[in-house]
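Take this structure, written in structure tokens, and hold onto it; I'll ask about it next.
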Amino acid sequence: MAPHALLIPLPAQGHVNPMMQLAWKLVSNEFFVTFLNSDSNHNRILTANTPNSFFDNIRMISVPVEIAPIDTLKGIENGIEALAKDMGPSVIDRVIQEINAREEENKVTCIIADVWMCFGLQPVATLHKLPLAAFHTSPVSLFAMRYFSAHLVSLGILHSDGIPKENKKTKYLPSMPALHSGDLPWLWAGEYMFRKGIRMGEEIKPIKWVLFNSFLEIEAPVVETLSKEVGVYPIGPLIPPEFLHSRTTTKVLPSFWKNDTGCLQWLHKQCADSVIYISFGSLAVLSEKQLEELALGVEATRRPFLWVVRSDLMKGSQAVLPAGFLDRVRDRGCIVSWAPQLEVLSHPSIACFVTHCGWNSVQESITMGVPMLCWPYFADQFLNRTYVVDVWKLGLPLNANSQGMIEQEEFVKGVEILLESEQGLEIREGARKLKIIARDAVKDGGSSSNNFNLFVTAMKRQLNE
Ligand code: UDP
């Protein structure tokens, strides 16, 4: 009997993507995968993507979820609590029962759930005698911050609601870089997120396998610290193999939006290392004034650019660009509503990535050797920026003024330093070196490859027990 993994992502693009990459990796190791989405995401994926071989040996199924969860950013608390009901333990129990009743020869043999979907799941796994693994789509350092945050309260460094007592740059954990107090990853969603993070640590601790979309070489000190407490297995960067072996490929990740592949034709016409790629991922929004300021900054660089302007990128209404902007940049700009990002980042014409520092984007940029200009928006993105800028030295921050606005001059300055200066040259060299280290991690004998093999072997071994 082949192993059959039930995969349960948190229903948001940045969590579904790496879970799908994990699904492909399992399938290439003789697993069958059932991939459980919320019904709205399931429909979005099937509508936005033409049927293809991506889903061979991956069965996509769905359950109704009442509140569209994280992707609207409306009421994170409501979204997470609704998920606990609509995709929580009792629903998973029913899904497993249905699969097993239908398919005598292809019963579920293990569960891999996003850390956000693990609350209360262990008893269901135990009931069905299935191993449960947790999957963390963000850095190990984020989990460590959550895991040790109750300790930081007991030390008097944080208030009991997660607010830091002192407003300054602080080394919260010895194995992590100093973080500005305003950059702590739970602050954007208040006490709810702080408490949920502490509970997540408690839920995850007994789970033997915690898989991370990261790799040892970029987070070694914090991996070492956390491994004393939790079964930490970094298996990333989770990038489809096609993107690791050549720079031209036809495979793209199934996304919630329709990919505008026309931008690839446009990229083919640009010079090597010339294009600024700008994308804020699937959730971040900008104010109208900030969007305008960014457009004017892009224009002022006088460089070719590819910019993902999602229709909902502007806070509150359909995104609008400054009057006359499109005409003025027509000969050197390409604007799309959703790009095949892996193909874009692996294209030889890309010079740098202006990114919101979502963890997937950061991992993808590292793996493609593209230096970054960091424009974090929320959650772990400020933490990720600290690693990109201070630890790995793969990018520069774009700093906001006292009103929280990143001005056009700051944008132009960042681009010029990154692409023209001595400092920029070192950053670009660093990006090229880390690209090799990232790829080595997932090669045979690499740190992530070894971790993944341990997991696969254990899941196959328990089939015979
Ligand atoms: N992405 C994409 N096309 C775009 C923008 C983003 O395919 O135009 C993908 C990107 O490659 C990444 C994911 O969407 O895998 C975004 O995840 P990330 O963690 O970077 O940010 P989030 O959307 O969760 O804020």
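The values are calculated or read from the model by the stated rules, or taken from the named source; none is laboratory data. These figures come from a predicted structure and were not determined experimentally. No Cβ is skipped: glycine too gets one built from the backbone with ideal geometry, and neighbour counts run over all protein chains shown.
Identify, please: which residue in region 99-116 is of a type in the set (D, E) and free of Cβ contacts under 8 Å to residues at least 60 places away in the same chain and is, among those, surrounded by the fewest Cβ atoms within 10 Å (Cβ to Cβ)?
Step by step, filter region 99-116, then rank; the result is E104.
Determine whether region 347-358 contains at least one residue that is part of a loop (DSSP other than H, G, I, E, B), crowded, with 21+ Cβ neighbours inside 10 Å and away from the ligand (no atom under 12 Å from the Cβ).
Yes: one or more hits.
Right, something else. Any idea which of F135, F148, F143, F119 is under 27 Å from the mean Cα position of the chain (by Cα), surrounded by 15 or more Cβ atoms within 10 Å (Cβ to Cβ) and over 24 Å from A220 (Cα atoms)?
F119
Working only within region 300-312, note down all residues that are surrounded by fewer than 20 Cβ atoms within 10 Å (Cβ to Cβ) and either touching a residue at least 60 places away in the same chain (Cβ under 8 Å) or within 23 Å of the chain's Cα centre (by Cα) (or both).
Selection gives A300, T301, R303, R310, S311, D312.
Yes or no, residue by residue, for (1) under 19 Å from E422 (Cα atoms); (2) crowded, with 24+ Cβ neighbours inside 10 Å; (3) touching a strand residue (DSSP E or B) at 6+ places or on another chain (Cβ under 6 Å):
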{"position": "V362", "(1), (2), (3)": "no, yes, no"}
{"position": "A379", "(1), (2), (3)": "no, yes, no"}
{"position": "V388", "(1), (2), (3)": "yes, yes, yes"}
{"position": "W392", "(1), (2), (3)": "yes, no, no"}
{"position": "P397", "(1), (2), (3)": "yes, no, yes"}
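Do we find a residue being in contact with a strand residue (DSSP E or B) (Cβ under 9 Å, 6 or more places away or on another chain), surrounded by fewer than 17 Cβ atoms within 10 Å (Cβ to Cβ) and among the hydrophobic types (A, V, I, L, M, F, W, C) anywhere in region 420-439?
Checked region 420-439: no residue is in contact with a strand residue (DSSP E or B) (Cβ under 9 Å, 6 or more places away or on another chain), surrounded by fewer than 17 Cβ atoms within 10 Å (Cβ to Cβ) and among the hydrophobic types (A, V, I, L, M, F, W, C).
When you check E202 against the structure, is it over 18 Å from the mean Cα position of the chain (by Cα) and surrounded by 15 or more Cβ atoms within 10 Å (Cβ to Cβ), yes or no?
So E202 does not fit the description; no.
I'm trying to understand the selection: among the residues of region 5-33, which are of a type in the set (V, I, T) and at pLDDT below 95?
V16, V27 - these are the residues of region 5-33 that are of a type in the set (V, I, T) and at pLDDT below 95.
Separate question: So if I check each of V344, V370, V320, V412, which one is within 15 Å of A431 (Cβ to Cβ) and not polar (S, T, N, Q)?
V370
I would also like to ask the following. When you look at S421, is it touching a Pro at 6+ places or on another chain (Cβ under 8 Å) and modelled with pLDDT of 95 or more, yes or no?
no
If you don't mind, another one. Can you tell me which residues in region 282-315 are within 16 Å of the ligand (Cβ to nearest atom) and either among the basic types (K, R) or touching a helix residue (DSSP H, G or I) at 6+ places or on another chain (Cβ under 6 Å) (or both)?
Within region 282-315, S282, F305, L306, R310, M314, K315 meet the criteria.
Here is a further query. Only one of V391, V320 is modelled with pLDDT under 95 and β-branched (V, I, T); which?
V320
In region 359-390, how many are more than 19 Å from M176 (Cα to Cα), aromatic (F, W, Y) and more than 10 Å from the ligand (Cβ to nearest atom)?
The number of residues fulfilling the criteria is 1.
Working only within region 313-346, note down all residues that are of a type in the set (D, E) and not in a loop (DSSP other than H, G, I, E, B).
Those that are of a type in the set (D, E) and not in a loop (DSSP other than H, G, I, E, B): D327, E343.
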